[in-house]
Amino acid sequence: MSTTTNSVPKHWGLPEEWELAALAAGRLAEYLPRLAYSSAGYEPDPKTEEPNPSYAPRVVAQDDATPGAQAASDAGAFVPALRQAALPYVGEYPLEKIRADFPILAEKIKDRQLVWLDNAATTQRPAQVIERIRHYYEHENSNVHRGAHTLAGRSTEAYEGARAKVATFIGAPAPENIVFVRGTTEALNLVANAYVRPLLRPGDEIIVTLLEHHSNIVPWQILAEETGALLRVATVDASGQILVSEYAKLFNRNTRFVSVTHVSNALGTVAPLEEMIGIAHAQGARICVDGAQSISHMPIDVSALDADFFAFSGHKLFGPTGIGVLYGKSDLLEAARPWQGGGNMISDVTFARTVYKKAPEKFEAGTGNIADAVGLGAAIDYVSAIGMDNVARYEQELLAYGISELGRIPGLRPVGSATRRAGVLSFVLDGHSPEEVGRYLNEAGIAVRAGHHCAQPILRHFGYEATVRPSIAFYNTPAEIEHLARTLLALTRLPYISSTY
């Protein structure tokens, strides 16, 4: 409640409008579902705090699943299942079992059940990952390589075992193609400085796209400023999809490198990566892919894509923070100069010269983040057991449901409408700033991101400084999408009845 400077209540002790709205959101979230269910001739079980979700996304057999993202606008992929199951399945795994693996999903926020829809910023961790890291510190902790004792052997086996798991997960030819880094940002900076910088001369050009996260813009800007190179930007159409024809026109004899996002963190647009890589290679240019937003939503095969470099962060894949991956083709890693100097990356040192190890050790100076690399390996085990094809199919159907439900809210304008999308439901709401919407949703236990998402160029292209960005993962439910829509409608002072009835 706000007060004036002399401490007299601004509204004579009455709550302000936003305080009433937040209270209403909580109460509406509790009572309006009963109105929706009764209108469909269904009465929820009074013994449960919240009724079971009204919608069970269809999950196909793995051999029928299409790798990668499908058209999120295909609303025909949905078949309502009125309370036939407690929760849908992801592959052969019940969603309720998956959710039980994530301890934080049981957290209460503002006395409401946490609804985690901030997955594009970071995903949550299953108990299996948490336990694996605990086990490492209790039974394996040691520096890796060169040790003659048992714990060094255990630690090295766990660390290099995680590297092998990453290689298999993304379709890399060998573990030696996998460099452990802190995250996507460090991986992109490594490529810029260790591989691209020595290639550049004044007037050379680097191509990026309008969809990029700042982490795939700023390193190239710094590099251009310091070398006299130029940064060229591929634009997008009205839906937020890259205009491939315009992208192709950017190439010329001065093009030295390309770095593009796979999935936009601000819009969810899935870039036509195969075509873009093919164009770059046809023009004699190497290409790096920022996979931070694709790695958790779809199967990745860097060999099939023919990507030269591919970067992602562990915390976007249900793993720990502070660990990430750079994949590079063997000849490119060999050609790149060391990223940092120190221990572990050398084979011989004298005051006259230093002989470096081969990749990946050449880029891993000092003691690495061993425990979190092991934790990333456990996260890969977890999602691999479910199947990334199944994850992709379930999430695409949940995304389509979210697009449908949010599309019914008066004054809500989606930002980004590309046919191929993954994970993200960005929007603005007329009459309410993104920050206000984010705070209001938090009062109902819903966590979303509100701001520029470190992607100011693409938002400004569409005329916005900030958006609200709910983003999904495979542990999110149709009921959570309904709760989001219900709470947003409460903010606009309208009742909510699910469209599935």
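The values are calculated or read from the model by the stated rules, or taken from the named source; none is laboratory data. Keep in mind that this is a model prediction, so the values were computed, not measured. Cβ sites come from the backbone with ideal geometry, for glycine too, and all protein chains shown count toward neighbours. These accessible areas exclude ligands, DNA and RNA; they are computed on the full protein's heavy atoms, side chains included. Shrake-Rupley method; radii C 1.70, N 1.55, O 1.52, S 1.80 Å.
Key figures for this structure:
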quantity	calculated
Residue within the stretch 184-196 that is assigned to a loop (DSSP other than H, G, I, E, B) and modelled with pLDDT of 95 or more present	no
Of all residues in the stretch 162-175 being in contact with a helix residue (DSSP H, G or I) (Cβ under 7 Å, 6 or more places away or on another chain) and either assigned to a helix (DSSP H, G or I) or among the aromatic types (Phe, Trp, Tyr) (or both), the one that is most open to solvent (accessible area, probe 1.4 Å)	Lys165
Every residue from the stretch 229-252 that is in a helix (DSSP H, G or I) and open to solvent by 30 Å² or more (accessible area, probe 1.4 Å)	Ser245, Glu246, Ala248, Lys249
For Val415: the one exception among (1) open to solvent by less than 20 Å² (accessible area, probe 1.4 Å); (2) over 22 Å from Gln124 (Cα atoms); (3) out of contact with any Gly (no Cβ under 9 Å at 6 or more places or on another chain)	(3)
Residue identified as outside any loop (DSSP other than H, G, I, E, B), over 19 Å from Val374 (Cα atoms), open to solvent by less than 40 Å² (accessible area, probe 1.4 Å) and in contact (Cβ under 8 Å) with a residue 60 or more places away in the chain among Ile206, Ile98	Ile98
Total residues in the stretch 101-153, condition surrounded by 18 or more Cβ atoms within 10 Å (Cβ to Cβ), closer than 20 Å to Gly445 by Cα and more than 23 Å from the chain's Cα centre (by Cα)	1
Per-region count, the stretch 412-424, residues in contact with a Leu (Cβ under 6 Å, 6 or more places away or on another chain) and not in a strand (DSSP E or B)	1
All positions within the stretch 313-365 that are closer than 14 Å to Leu190 by Cβ and small (Gly, Ala, Ser)	Ser313, Gly324, Gly328, Ala335, Ala336, Gly341, Ala359, Ala365
Conditions (1) in contact (Cβ under 8 Å) with a residue 12 or more places away in the chain; (2) closer than 21 Å to Leu250 by Cβ: number failed by Val179	(2)
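To keep it simple, each residue is scored yes or no on (1) of a type in the set (A, V, I, L, M, F, W, C); (2) modelled with pLDDT under 95; (3) open to solvent by less than 10 Å² (accessible area, probe 1.4 Å); (4) closer than 24 Å to Lys316 by Cβ.
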site	(1), (2), (3), (4)
Cys454	yes, yes, no, yes
Pro457	no, no, no, yes
Ile472	yes, no, yes, yes
Leu484	yes, no, yes, yes
Ala490	yes, yes, yes, no
Ser498	no, yes, yes, no
Tyr501	no, yes, no, no
